Amino acid sequence: MIYRNYLFLLSIFCLLAGMSAPMQAQAQAWPAKPIRMVVPFPPGGSPDIVGRLISAKIAERLGVQVVVDNRGGAGGIIGSEIVARAVPDGYTLMFISTPHAVLPALQKLPFDTVKAFAAVARIGTSPNALVVNNNIAAKTVKEFIALAQQKPRQFNFGAAGVGTSTHLAAELFKLMANIDAVIVQYRGGGPAVMATIGGESQALFGTLVQNLPHVRAGSMRMLGVGSPKRNPQVPDVPAITETLPGFESVQWWGMFAPAGTPAAIVERVSNEVKWALAQDEVKKRLINEGADIDYLGPADYHRYVIEEIGRWSGVVKKAKVKLD
């Protein structure tokens with residue numbers, strides 16, 4: 001009996017070893033071909049800008065191309081589903097932002113936000129800033145609120161899609177400022193910015209990374225930032241909380257892989273991201289554009305996303321945000 005039990009356990013061990021050997025070999029050989037980095041938003045928004053910066057840098061270390069694939073639509077759902085269903089071999093990754101933690105509160109998704117993905121790394125954060133079209137007379141947050149209160153439903157806020165941080169920032173601002181404005185959804189941050197510059201929308205919330213180049217070029221005017229304090233890159237721009245006490249809106253970016261991706265590959269990518277964020281040219285670029293580098297590894301990032309899902313669920317409920 002003991003001998004038979006021994007043989008049984010030995011066979012189980014050999015079976016498990018046989019199953020793990022190909023996975024270990026796969027991880028050791030990785031990467032052997034180009035990697036696809038899916039950005040579930042159109043070009044021009046902050047996830048695209050930061051995602052391309054990080055992708056290009058880690059490609060140098062990995063020795064293969066990291067090809068950014070913009071798959072916008074449905075507030076990030078379309079691109080995210082592509083990644084959730086991708087083969088978990090390390091050759092499909094995803095660069096995402098705050099909407100990833102908001103969507104579960106808005107609708108039933110074709111994937112489980114927590115279980116369908118393996119957290120790789122959080123990159124950093126950036127405050128959402130209130131910018132306006134140059135034709136708007138208001139020069140301060142207080143003046144803009146007064147103007148919007150005088151003209152109910154005559155101001156449009158551009159947003160990057162239902163449930164995006166730009167959308168929720170505008171909803172929160174409307175609630176706290178007691179204004180009645182229309183929120184117009186676009187297919188990503190880039191189109192929303194262009195609509196505001198062109199005057200189709202009068203105002204927009206978006207990250208400094210996304211908006212600073214246009215503000216510095218004189219295409220838009222920045223009235224306030226959503227961080228608790230003023231940002232060093234725009235020290236003359238007040239924090240919105242100076243006018244609306246308690247207002248806060250920041251966006252984060254991070255990287256995921258399909259669930260089941262070998263842990264060795266996830267760790268490797270995460271370490272390469274950490275290395276990229278320590279490089280002077282990357283730090284200078286992100287900091288110059290108003291981003292705060294704040295790396296989290298796989299385990300910490302996983303916990304952070306779960307906390308974010310809970311937090312944004314409360315905001316969605318309070319603002320009564322619903323899909324059209």
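Per-structure values
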{"read-out": "Members of region 23-33 found to be modelled with pLDDT of 95 or more, open to solvent by less than 70 Å² (accessible area, probe 1.4 Å) and not aromatic (Phe, Trp, Tyr), listed by number", "value": "31"}
{"read-out": "Selected residue [part of a strand (DSSP E or B), modelled with pLDDT of 95 or more, among the aliphatic types (A, V, I, L, M) and in contact with a Lys or Arg (Cβ under 8 Å, 6 or more places away or on another chain)] from 121, 129", "value": "121"}
{"read-out": "Out of 164, 241, sole residue that is among the polar types (S, T, N, Q) and open to solvent by 10 Å² or more (accessible area, probe 1.4 Å)", "value": "241"}
{"read-out": "Residue list for region 198-231, restricted to those being assigned to a loop (DSSP other than H, G, I, E, B) and either open to solvent by less than 60 Å² (accessible area, probe 1.4 Å) or free of Cβ contacts under 8 Å to residues at least 40 places away in the same chain (or both)", "value": "199, 201, 202, 217, 218, 219, 226, 227, 228, 229, 230, 231"}
{"read-out": "Residue, nearest to the chain's Cα centre (by Cα), within region 34-49, restricted to residues that are modelled with pLDDT of 95 or more and under 16 Å from residue 121 (Cα atoms)", "value": "39"}
{"read-out": "Selection count where residues are touching a helix residue (DSSP H, G or I) at 6+ places or on another chain (Cβ under 8 Å), of a type outside the set (Asp, Glu) and either assigned to a helix (DSSP H, G or I) or loosely packed, with under 14 Cβ neighbours inside 10 Å (or both), scope region 294-310", "value": "3"}
{"read-out": "Those residues of region 69-100 which are assigned to a strand (DSSP E or B) and surrounded by 19 or more Cβ atoms within 10 Å (Cβ to Cβ), in sequence order", "value": "70, 92, 93, 94, 95, 96, 97"}
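The values are calculated or read from the model by the stated rules, or taken from the named source; none is laboratory data. As the structure is a computational prediction, the values presented were derived from the model and not from experiment. Neighbour counts are summed over all protein chains in view; Cβ atoms, including those assigned to glycine, are modelled from backbone coordinates with ideal geometry. Accessible surface is based on the protein model in full, side chains and every heavy atom, while ligands, DNA and RNA are left aside. Shrake-Rupley method; radii C 1.70, N 1.55, O 1.52, S 1.80 Å.
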